[in-house]
Every structure is written in structure tokens, then in C-alpha cells.
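Undergrad: One structure is given below, represented as C-alpha cells, and several questions about it will come after.
The values are calculated or read from the model by the stated rules, or taken from the named source; none is laboratory data. Note that the structure is predicted; figures quoted are calculated from it, not measured. Cβ coordinates were reconstructed from backbone atoms using ideal geometry, including for glycine residues, and neighbour counts include every protein chain displayed. Heads up: the accessible areas ignore ligands, DNA and RNA and are worked out on the full protein's heavy atoms, side chains in. Shrake-Rupley method; radii C 1.70, N 1.55, O 1.52, S 1.80 Å.
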Amino acid sequence: MSPPHPKSGLPARLAALALGLLLNTPLLALQPSPKTGASTPDSALPAAVAEALQRAKVPADALAAVVMPVTAGAARWQVQADRAMQPASTMKLVTSIVALDRLGPNHRGFTELLTQAPQQGDVLAGDLVLRGGADPELGLPQLWALLAELRWQGIREIAGDIVLDRSLFRAAPGPNAPAFDAWPEFAYNSVPDALQLNHNLMGLEITSEDPARPGSVVARAWPPLPGLEIDASAMRLTDRPCREWDEDWISPPTLVEPAPGRLRISLRGGFPKACSQRSALALIDRQALAERHLRWVWQGLGGEWRGQLREAGAPLIAPLGAAAQAAPSTLPDAPPANWLAPGVALAGTPGVTPPGLRVLARRLARPWGETLRMMNKQSDNANSRLLYLSLGLGAMADQPAVSTAELAGRAVQAWMAERRIASAGLVMDNGSGLSRSERISPRQLALMLQAAHNGRWASELMMSLPVAGVDGSMRKRLKTSPAAGWARLKGGTLKNVTALAGYVPDGQGRWWVLAAMINHDQAAAARPALDALVDWVARGGLGQK
């Protein structure tokens, strides 16, 4: 899993593997049973870590952390390692690790256009179904390509309604789910669903540099959507830097419907002088937004649609139970079995597809092994939540009364149990860390990272993590440390949380698993303490071999 580095841990891994073969014992069984830490005293804080906490006015007992060898073995340094903590976005590591093992890096989402209506000349004489398959990349370009296939098949007019099928997940959070904070319209708060069209976000272009309106703020939807007006006349100009354009934003914007089918969004707050920004925000209901996206794309392709947009009343394609999952697919031109999450059937699969339902167009997203890179490096909450829900798909048919999110949580628990990682204190909510309830101890997270390093998909996980001082959410951190360009770390930040977890090499070529979390009202000010811990490890703080 590690990038090339002198004196890598490969010999130790080979030795462990050889021992396992000699004993006819699985390699995972060589991993020691997790300890509670009750009989193991805490280590002394490195001086730089203690000083950083003191500068931030954060007590030492707000820190919980552990460092252990990457291949196997118990902790070499620890502080409150078994304390359940809020992990913030380091929880994405849990989702990534379990998903890579359970679903595989070739697993991918999909989107389908389906119908039971006949084509009469250039008219589709009935409804068109847009079925969501947890596609993390279904944006407007991908929607255009799907609808263009209909035009190439000679369909110009859709005579019926367009029906959105978001039913892949059971009891998934809807648009009225409680917001995480006071800014529900911003992208990090996007609530995922199985369709996820454009992440349920609309493009907003806002500027104070319009030559036709000097001294004013002007805003418009981007692309320009039918039946939508954006009014920024109430916004005042400020002297903030352009990069802080959202600091004076007032949430939520005002939304009114001056006429049937027309919406007016009135923005409030302030916006910097001499500034232009484009952002993606959830300013209107996902259903109203999807209708406008569909009309804009279809009209741009020369199509005609006078019907309505509505939600599917029930799933069109039933999930597959364990027995059906084990049977070979009889679907013509079926993709490889490891391309779809367990339990998921494409339209046309015998036994679960309604009579007469046919596929007009289908797209398969890129493998999650590739998508994972941007999800973790940029800390994408929506895609992490989407991937987490996918962990529950395989059990849906056999457990019809349980929500997909609950089944996903059980999948995580089962994965840990198989590796003898204690799960006491673990709380899973949505798998992204954007949660007030999620909890995990540093030792639990470190043991998961250790198991992943010794697993099949170690390189895929490592590839997805930000590189210290180089890219993603770690690009500005640890630039002068020996860890720069080497350590692979996932950070996490909430109002009262700062966290860091991943893999750190030292000067002797040894790789270490590190998991550290600070839970305190002043956690943001204490982030340098976590960087100091990484730097201490990278500089050989754990001693000689």
C-alpha cells in the first residue's frame, strides 16, 4: 500500500504471510485481539504537541490518539486510544475501507431511461422513467448524453410524464431531513438519494462587476433554467475579499411562486465589491430543480415535452435476495458481476422487471475505485453518504423491514467483527462524518487502517488519501515536515472537532498508522497539535528499530 520508500515494511509482511501458511492460519488471524486499553497507561505527549495544545488553550484530555505499526502489532504510542470520539470526516475512512472490501473497486453506479410506452413515429406515447442507481457522477453533461440517445433513436416528443425513480435505497433521508447546520443550501450539506441528479444542486453565478448594473449585485442561474428568476437587488456590497464571498450570506434565501410553474429566489446579505463567483447550491426543492434541468436539456436537444414530472410510487425493479445474487446473470449484455452492488438488478433482469418495460438508454458511472480519489481528497460528503448507503443494498431483499442506512451500519459492524476489531462505542450515522452522533475511537480507526493496509485493496485506499503538503485537504499542511510528500492522511473538521488519520513513514523507512482526534469547543485552534504529532512520528519520535 505504501509508495516506494527505503526499507519498506514488505519483509515483515512476507514473514507474517509465511508464518500464516506454515501454521495453516489465515493472515487476519495473526492480528492480535483488540485491547480495551484499560491496563495500558497513556504515553507522554511529545513536547511540540503539548505546546500546541497549550497555545490553543485546549486541555490535553481533549486529545485522543494512537500510533501503531502499519503491518501488525499493538500501539507504540497512545493517549485515550479507546475513547469514543467525534471523528468528523475521518469517518470517510471507515466507509472507504469497508466499501472497497465489500463492494470492490470496480463497483459502480448507474442511471437508466426506461419506458413501457410504444414509440409512434417520433413520439414516445407515454411516460419516461429516469431510474437512479446511486450514480455519483450524474451531472448535466451525463443527462445530456442519456437524453441524446433518445433523440438518436428518433424520439422528438415525450407525450407523457417523466417519472423519477429514487427507490434504490429504502427509507433514505429525504429533502425535508433536518439540516446539519444553519446553511442547508451549501453543497457540503447536500442530502444524497439514488438519483442524485447534479447532486440536487443548481449553479449560481453572482457578480458585482456587471457593467450594465454598476454598484449592484447581479445573480442568475447557471445554466439559465426555465421558469426561474433570481433577484439579488437586496444584497449590499461589502469590503470583504472575494474569497470570503459567502461570509455575509443570509440563509435561507426567500422563495416565492409568483405564477404557476415560475419561481423567484431572492438572495439576502452582502457580497464583495469587484467580485464574481460561481457556486453550486440547493436553492429550490430537488423535484422542482430536476424538472427544470430536464426541460433545459431536452429543449436544447430539440425535444418537446408538455407533461409533468412526478415521483415513482413504488420501486420498478425489486432488489435481489441472497439466492438470486448467487445465481449467474441471464441478462443479455450484462456487465461483469462485480460492477454492481450486491442486491442491485438492472432493468431487464428476469424475475424482477415488469412485463413490457424496456431500456432506452443506460449509463454506467466510473468505478468507485476511481471516484474514491476525489471523494477522499476533496472530502465529498454527498458521495461518501451515497457510498455508505450502497453497503446496505445487498441485504435489502432479505430484510424488507430495515432501512438501507441501518443495513449499511450492520455491514460495517460485521466487517469489524470478522477482523476481531471491537465495535463497542462505535456509532454510524451516514458514513461521512458530517454528523453530531457518529463516534469511533482512535484505536478502532487505526485497527481498520491496519487491516486495510494488509488487505486486497490497500493501493486503492492509499491512492485516494490526500498527500501531506501536496494535494487535497492536506495541500497546505506539513509542508516543511519530513512527512510532506509521503504521509497519506485524511483530515476532519467540525465546529468542535479536528481529526487526522492515515499512514505516516519515518526516516528509517517504517510506516505507521496514526489516528488522532480533538473534541473541544476550540478544536480548530488546536489543529497544529495534530500536525505536530504527525511531524514527531515522521522525525523518528518512536525511536530506533
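Undergrad: What's the magnitude of the charge dipole for the range 281-374 around its Cα centre, counting Lys and Arg as +1 and Asp and Glu as -1 at the beta-carbon? Answer in Debye, nearest 20.
TA: Roughly 180 debye for the range 281-374.
Undergrad: Determine the dipole magnitude for the chain: charges of +1 sit on the beta-carbon of Lys and Arg, -1 on that of Asp and Glu, nothing else is charged, the reference point is the Cα centre, and the result goes in debye to the nearest 20.
TA: 1480 debye
Undergrad: Which residue, 172, 508, 117, has the largest displacement toward the positive end of the dipole of the chain when charges sit on each Cβ (Lys, Arg +1; Asp, Glu -1)?
TA: It is 508.
Undergrad: With θ set to phi - 60°, apply the Karplus curve 6.51 cos²θ - 1.76 cosθ + 1.60 along the range 446-463 and write out the HN-Hα couplings as whole Hz, x wherever there is a Gly or Pro.
TA: So the Karplus estimates, Gly and Pro as x, are 5, 5, 5, 5, 5, 4, 5, 4, 9, x, 5, 10, 4, 5, 5, 5, 4, 4 Hz.
Undergrad: Project the alpha carbons of the chain onto their principal axes and report the range along each, largest first, in whole Å.
TA: Between the extreme Cα coordinates on each principal axis of the chain lie 77, 65, 39 Å.
Undergrad: Percent relative contact order of the chain, based on C-alpha pairs within less than 8 angstrom and at least six residues apart?
TA: The value is 23 percent.
Undergrad: Sticking with the crude label model, points 7 Å out along Cα→Cβ, report the distance from residue 277 to residue 187 in nm, one decimal please.
TA: 1.3 nm
Undergrad: Ok, one more. I'd like the distance separating the alpha-carbon centroids of the range 394-423 and the range 147-166, in whole Å.
TA: So the two Cα centres are separated by 37 Å.
Undergrad: Right, another one. Can you list the residues, at least 5 places off or on another chain, whose amide H is less than 5 Å from the amide H of residue 361, using H built in the peptide plane?
TA: Under 5 Å from the amide H of residue 361: 113.
Undergrad: With label points built 7 Å along Cα→Cβ from the Cα atoms of residue 142 and residue 256, find their separation and express it in nm.
TA: 3.7 nm
Undergrad: First measure r as the distance between the Cβ atoms of residue 125 and residue 413, then evaluate 1/(1 + (r/R0)^6) with R0 = 45 Å and state the FRET efficiency to the nearest 0.05.
TA: E between residue 125 and residue 413, to the nearest 0.05, is 0.35.
Undergrad: Let me ask you something else. Arrange the peptides 432-440, 322-330, 95-103, 398-406 so that the one whose residues have, on average, the most other Cβ atoms within 10 Å appears first.
TA: Put in order of decreasing packing, that is 95-103, 432-440, 398-406, 322-330.
Undergrad: Can you tell me the FRET efficiency between residue 399 and residue 334 if r is taken as the Cβ-Cβ distance and R0 is 30 Å, rounded to the nearest 0.05?
TA: 0.75
Undergrad: Just the accessible area per residue of the range 155-255, please: how many Å² with a 1.4 Å probe?
TA: Roughly 46 Å² per residue, with all protein chains present.
Undergrad: Just subtract the alpha-carbon distance of residue 42 and residue 311 from 0.36 nm times their residue separation and send over the number in nm, one decimal.
TA: 91.3 nm
Undergrad: What is the range 185-306's relative contact order, in percent, from Cα pairs under 8 angstrom and six or more apart in sequence?
TA: 31 percent
Undergrad: Would you work out which of 253, 445, 361 lies farthest towards the positive end of the dipole of the chain, given +1 charges on the beta-carbon of Lys and Arg and -1 on that of Asp and Glu, about the Cα centre?
TA: Towards the positive end, the residue furthest out is 445.
Undergrad: For the chain, give the share of DSSP beta bridges that are antiparallel, in percent and rounded to the nearest 5; count only bridges with both residues there.
TA: That works out to approximately 75 percent antiparallel.
Undergrad: When ligands, DNA and RNA are left out and all protein chains stay put, how many square angstrom of accessible area per residue does the range 452-515 have with a 1.4 Å probe?
TA: Each residue of the range 452-515 exposes 33 Å² on average to a 1.4 Å probe.
Undergrad: Rounded to the nearest 20 debye, what is the charge dipole size of the range 123-272 about its Cα centre when +1 sits on each Lys and Arg Cβ and -1 on each Asp and Glu Cβ?
TA: Dipole magnitude for the range 123-272 comes out near 220 debye.
Undergrad: May I ask you to derive the relative contact order of the range 373-424, considering only C-alpha pairs under 8 Å and at least 6 residues apart, and to give it as an integer percent?
TA: The normalised contact order for the range 373-424 reaches 25 percent.
Undergrad: In the chain, carbon and sulfur make up what percent of the accessible area (probe 1.4 Å)?
TA: 55 percent
Undergrad: While we're here: Would you mind checking 57/490; 377/476; 57/377; 377/495 for any pair whose Cα atoms are more than 18 angstrom apart?
TA: Violating the 18 Å limit, Cα to Cα: 57/490; 57/377; 377/495.
Undergrad: Here's a follow-up. Would you mind getting me the FRET efficiency between residue 222 and residue 524? Use the beta-carbon distance for r and R0 = 35 Å, nearest 0.05.
TA: Efficiency for this residue pair is about 0.60.
Undergrad: Let me ask you something else. Based on the mean of other Cβ atoms within 10 Å per residue, sort peptides 470-482, 246-258 so the most packed one is first.
TA: Highest to lowest by the protection proxy: 470-482, 246-258.
Undergrad: Highest mean first, what order results for 45-55, 199-209, 496-506 on Cβ atoms within 10 Å?
TA: Ranked from most to least packed, the peptides come out as 496-506, 199-209, 45-55.
Undergrad: If I model a spin label at residue 437 and residue 285 as a point 7 Å from the Cα along the Cα→Cβ vector, what separation in nanometres do I get?
TA: The modelled label-to-label distance comes out at 2.6 nm.
Undergrad: Which ³J(HN,Hα) values in Hz, rounded to whole numbers, follow from the phi angles of the range 299-309 under the Karplus curve 6.51 cos²θ - 1.76 cosθ + 1.60, where θ = phi - 60° and Gly and Pro get x?
TA: 5, x, 8, x, x, 10, 8, 10, x, 10, 9
Undergrad: Output ³J(HN,Hα) for the range 536-542: one whole-Hz value per residue in order, computed from phi by the Karplus curve 6.51 cos²θ - 1.76 cosθ + 1.60 with θ = phi - 60°, and x for Gly and Pro.
TA: Computed from phi, the couplings for the range 536-542 are 4, 5, 4, 8, x, x, 8 Hz.
Undergrad: Provide the per residue accessible area, probe 1.4 Å, for the range 320-359, rounded to a whole number of square angstrom.
TA: It amounts to 55 Å² per residue over the range 320-359.
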